[in-house]
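Written out below as structure tokens is the structure these notes cover.
The values are calculated or read from the model by the stated rules, or taken from the named source; none is laboratory data. Quantities reported herein were computed from a predicted structural model and do not represent experimental measurements. Here Cβ is always computed from backbone atoms with ideal geometry, including for glycine, and neighbour counts include all displayed protein chains.
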């Protein structure tokens, strides 16, 4: 039993839980779509991280790996991407996507619930999806993580390009709502993209090396970067709050 790995998994779980509670509270008070999407994403991240902590402490099993794989590899990044879309493009685009994503998420959960395993699990061995699942679960993970990660990265690069060209990074409803200053919006999206890349690296590292400690290190770093990315657009100085109370309430 590796105490450092267990501690890192517990740390990632606690950060994700804190992140989920903060975003859920802000969504409850302000009903902004990006807050709701990020709250769901971080709730999923917490579930996946908690499953990882449980496995590092007690051993891997079929049920624990299904929870870990579904929440972390299949669903999490897609809801993160929806938050970025809502922040950059507004509710007119994000809300229909949210409905579609909810249906696809339900389908993915159903598939992962009944998908047969192709090999038994070894309690002390970090599992790899290709060793235990057929093609459909692995396709769901590849599409569910790869496409949304690309959306997040393209969104970050697009917002940087618009800012450098003197235009506001947000468009449509997001721009009209004045959700956040352009500079903070860009920094937020860049940090979220960076956190997504770190998390993708953790999955790749685990798949290649099967090492729990390396995976939990990158997992912990990734969730902290994501949390900072969320906090950036909400940060306000006292003078700005005094000058623009209505805008502060919108973020």
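The test for being at pLDDT 90 or above, surrounded by 15 or more Cβ atoms within 10 Å (Cβ to Cβ), more than 19 Å from the chain's Cα centre (by Cα) and under 24 Å from residue 201 (Cβ atoms) does not hold for residue 47. Kindly list the number of the only condition in (1) touching a strand residue (DSSP E or B) at 6+ places or on another chain (Cβ under 9 Å); (2) under 22 Å from residue 47 (Cα atoms); (3) loosely packed, with under 13 Cβ neighbours inside 10 Å that fails for residue 114. For residue 114, the failing item is (1). The condition of being under 22 Å from residue 83 (Cα atoms) and at pLDDT 70 or above holds for only one of 111, 224, 122, that being 224.
For region 160-174, the set of residues classified as at pLDDT 60 or above and either in a helix (DSSP H, G or I) or under 19 Å from the mean Cα position of the chain (by Cα) (or both) consists of 160, 161, 162, 163, 164, listed by residue number.
Within region 12-31, the residues that satisfy the criterion of being more than 14 Å from residue 83 (Cβ to Cβ) and within 16 Å of the chain's Cα centre (by Cα) are 12, 13, 14, 15, 16, 17, 18, 21. Residues in region 61-72: is at least one at pLDDT 90 or above and not in a helix (DSSP H, G or I)? Yes, some residue in region 61-72 is at pLDDT 90 or above and not in a helix (DSSP H, G or I). When residue 120 is tested against (1) in contact with a helix residue (DSSP H, G or I) (Cβ under 9 Å, 6 or more places away or on another chain); (2) within 26 Å of residue 152 (Cβ to Cβ); (3) exposed (fewer than 13 other Cβ atoms within 10 Å of the Cβ), only condition (2) is not met. Given the criteria over 20 Å from residue 81 (Cα atoms), buried (at least 21 other Cβ atoms within 10 Å of the Cβ) and touching a residue at least 12 places away in the same chain (Cβ under 8 Å), does residue 38 qualify? The answer is no for residue 38.
Apart from one condition, residue 63 fits all of (1) without any contact (Cβ under 8 Å) to a residue 12 or more places away in the chain; (2) crowded, with 22+ Cβ neighbours inside 10 Å; the exception is (2).
All conditions in (1) touching a helix residue (DSSP H, G or I) at 6+ places or on another chain (Cβ under 6 Å); (2) surrounded by fewer than 20 Cβ atoms within 10 Å (Cβ to Cβ) hold for residue 7, with the sole exception of (1).
Conditions tested, residue by residue: (1) farther than 30 Å from residue 3 by Cα; (2) in contact (Cβ under 8 Å) with a residue 40 or more places away in the chain.
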position	(1), (2)
59	no, yes
69	no, yes
88	yes, yes
95	yes, yes
100	yes, no
103	yes, no
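Please state which one of 103, 97, 82 is surrounded by fewer than 13 Cβ atoms within 10 Å (Cβ to Cβ) and within 20 Å of residue 148 (Cα to Cα). Spell out how you get there, then give the answer.
Details: 97 fails: surrounded by fewer than 13 Cβ atoms within 10 Å (Cβ to Cβ); 82 fails: surrounded by fewer than 13 Cβ atoms within 10 Å (Cβ to Cβ).
Answer to the selection: 103.
Okay, residues lined up against (1) under 26 Å from residue 19 (Cα atoms); (2) part of a helix (DSSP H, G or I); (3) in contact with a helix residue (DSSP H, G or I) (Cβ under 7 Å, 6 or more places away or on another chain); (4) modelled with pLDDT of 70 or more:
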residue	(1), (2), (3), (4)
130	no, yes, yes, yes
140	yes, yes, yes, yes
144	yes, yes, yes, yes
149	yes, yes, yes, yes
154	yes, yes, no, yes
158	yes, yes, no, yes
176	no, yes, no, no
197	yes, yes, no, yes
207	no, yes, no, no
